[in-house]
Amino acid sequence: APAMLITLCYLYLWARWGPRSAALVRSTVRRLHRSRCSFTFCARQPHPGERVRLRIGGKVFCTGEAQFLDDLNRWSVLLISPFIYPEKLLTAEHIAFVTESISAQAENVQKGPDSSKEIVKWSDFCSPLAYKPGEPFKLIAEASVDNFSSLGIAFLEDRLQMDNGMVPHRIVYMDAVTPARKSGLGRGEEDKSKLEEGREHGGEGTSLCDKEPGAGEHHHLHLSSCHECLQLENSTIESVKFASAENIPELPDGCSSKLEEKEDGCLGRGIKRINLAGKPPNILIYLGSEAAGGRFEQVKSVLRECLDADSYTIYQLHPEQVLKDPWIENSLLLVIATEEPIPEGSHKQFMKFLSKGGKILGFASSFTCGGVQIKHKNKLRKAVHELVVSKRDSTEVKLNLLVSGCVFEQGMKEDPGRVKTLSRLNNADEDRVIVHLTYGSSGGEAVLSQAHLELDSNSMDVQTEEDFNLLKMSNSKRYEVLKEILTSLGLSCELSEIPVLTPIFLLSPDEEIHLAFLKWLEGNVDAEGIRASSKVSLKFVSSCESKVEVTPSLMPVVTEMGSFSSEHFSLKTYQEHLHTKKLGKILLFTEVTTTTMNLLDG
C-alpha cells in the first residue's frame, strides 16, 4: 500500500507539473533558438551569466550567451555527416547540438535512466554528425527544434538513454556548432537577409586564416548585424579558398560511394575517419566479477601503451551491462580478460557482436568460438614458458610469457579455413596457445590467447626470480606481439605525430592598412612587444630571425611581410579575390597552431 501511494503521488505530481515543465522547455527553445544564445541541460549548478529556466531534482535547464565549439580538428566526422556533405546541410528548422556523456564508474553516477519511466533513446530523436572520444565522450548531432526539446526534457526527467551505454551528463545547443554553408562561414539565407538589413560600420577588421592540420573549424562571425560581414562571407572566405593550396572540393552527390576508396578525396587530411565497419572507436574490457585489485586499470594501461591513445576510448563492460546496454553497435573491440566461465546469455551477446563485424581479444579467458576447444593442463598453470609466435610477415618471434594452464585443441566442428594458429609453446606437444578466428560474413574476428600478454614481470602470479627475469627480458617482444595482434584486428598502433607549432605572420594586401595597423600596435603592446591576454599572448617581432620560442601560451607574430612564403597559401591570389573595403585586409596566417579560438581572446 505505501508503495502504491508513492506511485500514485508521483503520477499526480507529474500529471500536474510535468506537462508544464515540458511546455516551458519547448516554448523557450522555439522562441529563442534563432537568437544568439545557448541552451544547456546539465547536472550541475549554473555558471555566472546563465539564467535558470527550470530545475528538476539535481538537473537544470538554463540559457546564456552563445558558446563556441572547441577545435573541430579534434573531432572525428561520421561518414554520413553533413559536415562533409555541403549539399545536405541542416534545414532551417533543424539545429545542431553537443551531447556529453560519461561512464557510470567515472563519478559513481547513476548507471542509466529510471526504468520505471518511459525511456527515450538518444538516437531516435537526432542524427549524429561527429564525435570526440574521451571523458566526457562528446557527440555533435542534428535534430528538429521539437526533438531537441524532447531530448532535453527526457534528460531532466532521467529518461534519456545513450546508445553507447554511457550516462548523459550535459546537452548544449550552441549557435556556432551549426555546420557552415558552402562558402565556409555562411549562415543560411534567413541569417543573410538579417545581415543585409544591418547597418554598415567602419573600423579595422581582422580575419584569422589558420592552416592547422585538419583546418575544418568554421565559426560564425561575431559581427552578426554588420553588412560588411556579409561581404566578408561572400568574398574573404572565397579568397581564402582560392588562395589555399589545398583545393576545397565541392562534393558531388555520389561522394559517399568513394569514401572507402580514397580517404583524402572527400575528407580533410587531418580529420580522423571512423572505421569502415561504421563502429565508434570504443574499446570495452570485460572482466566478469573480477573488478577488484585494479584489474581494469592493469589491462587498460597495457592497451594504451600499444594503441594510438588519441584514436580510441577504453571503458569497462560490466556483467549487468552485457545484456541490456546497446554496446554491440557502439564498440570496435571487446577484450575478455577473465578466466571465469562466460554465462550463456553473455556468450550469445559476444557472438552477436562478432556477427556484426566486431573484434574480440581474449586474455587467458574461457571464451571460445568457431569450434575451438579449451583443454586444461595443470602442469602449465601460472608458469612461464617459451612461445613461438608466427608474425604476418612469415617471421617468428620467441619470447617467454606466463601461461594460464590451458591450451587450444581442435574440436569436432572446427573449420580449418577460419582458424589460424598464431603461437605454440616451445615444448614437446607444441601446444596451441594463441589462435586467430574469423566469424560470419561481416568481418568479425577474434584472437584468443592462453598466454598472459597483458601481464609483465611485476605480476602477482610470478613466483620465482627466474620467471621474473625471463619475463623482464621478453617485455619488449611482448609489446611487439601485442601490437601485431591489435593491428591484425584493424586497430592503429601508430602514435599520432604532433606537428611543431609555427609563428604567426601578420599580412595585408593593402600596404597603407598594414602600416596603419602597425602604428596602432605601437601603443597597444608593452615594452617587449607583447600583447597579453588571458590564454595566449602575442609577441610582435619584425622578422623570423628573432629567436622567440613558439609555445601554446606565447605566439610570435612576424610583422615584416617580405619574409613570408608558404606553399599552402598565396597572398597575391587572396588579394585578387578579395572585394571588401576594410574587413579581411589584415590577415593572421600560421601553418600550425593549437587553436584559433584563444588567439584573439580579449
With criteria (1) more than 17 Å from Pro509 (Cα to Cα); (2) at pLDDT 80 or above, Phe589 comes up short on (1)
Among residues of region 105-146 being at pLDDT 80 or above and among the polar types (S, T, N, Q), the residue farthest from Ile95 (Cα to Cα) is Ser123
Determine if region 480-503 includes at least one residue that is open to solvent by 50 Å² or more (accessible area, probe 1.4 Å), at pLDDT 90 or above and among the acidic types (Asp, Glu). yes
Residue count, region 404-420, condition at pLDDT 90 or above and open to solvent by 40 Å² or more (accessible area, probe 1.4 Å), comes to 1
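Taking helices (runs of 4 or more DSSP H) that do not extend beyond region 428-528, which have at least 1 residues that are in contact with a Ser or Thr (Cβ under 6 Å, 6 or more places away or on another chain)? Walk me through it before giving the result.
Details: elements: 465-473, 475-488, 511-522.
So the answer is 465-473, 511-522.
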Taking region 530-566 and keeping only residues that are touching a residue at least 40 places away in the same chain (Cβ under 8 Å), open to solvent by 50 Å² or more (accessible area, probe 1.4 Å) and in a loop (DSSP other than H, G, I, E, B), one is left with Ser534, Lys535, Cys544, Pro552
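Could you check, for region 83-95, whether at least one of its residues is modelled with pLDDT of 80 or more and touching a helix residue (DSSP H, G or I) at 6+ places or on another chain (Cβ under 7 Å)?
yes
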Over region 336-390, the set of residues among the charged types (D, E, K, R), under 23 Å from Leu401 (Cβ atoms) and assigned to a helix (DSSP H, G or I) is Lys379
In region 387-403, anything surrounded by 13 or more Cβ atoms within 10 Å (Cβ to Cβ) and either over 36 Å from the mean Cα position of the chain (by Cα) or under 22 Å from Ser459 (Cβ atoms) (or both) is listed as Leu387, Val388, Val389, Val397, Leu399, Asn400, Leu401, Leu402, Val403
The correct count of residues that are open to solvent by 50 Å² or more (accessible area, probe 1.4 Å) and either at positive phi or not polar (S, T, N, Q) (or both) in region 450-469 is 5
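The values are calculated or read from the model by the stated rules, or taken from the named source; none is laboratory data. This structure is a prediction, so every number in the text was calculated from the model and none was measured. Note that we place each Cβ from the backbone using ideal geometry, even for glycine, and neighbour counts take in every protein chain shown. Calculation scope for accessible area: heavy atoms of the full protein, side chains included, ligands and nucleic acids excluded. Shrake-Rupley method; radii C 1.70, N 1.55, O 1.52, S 1.80 Å.
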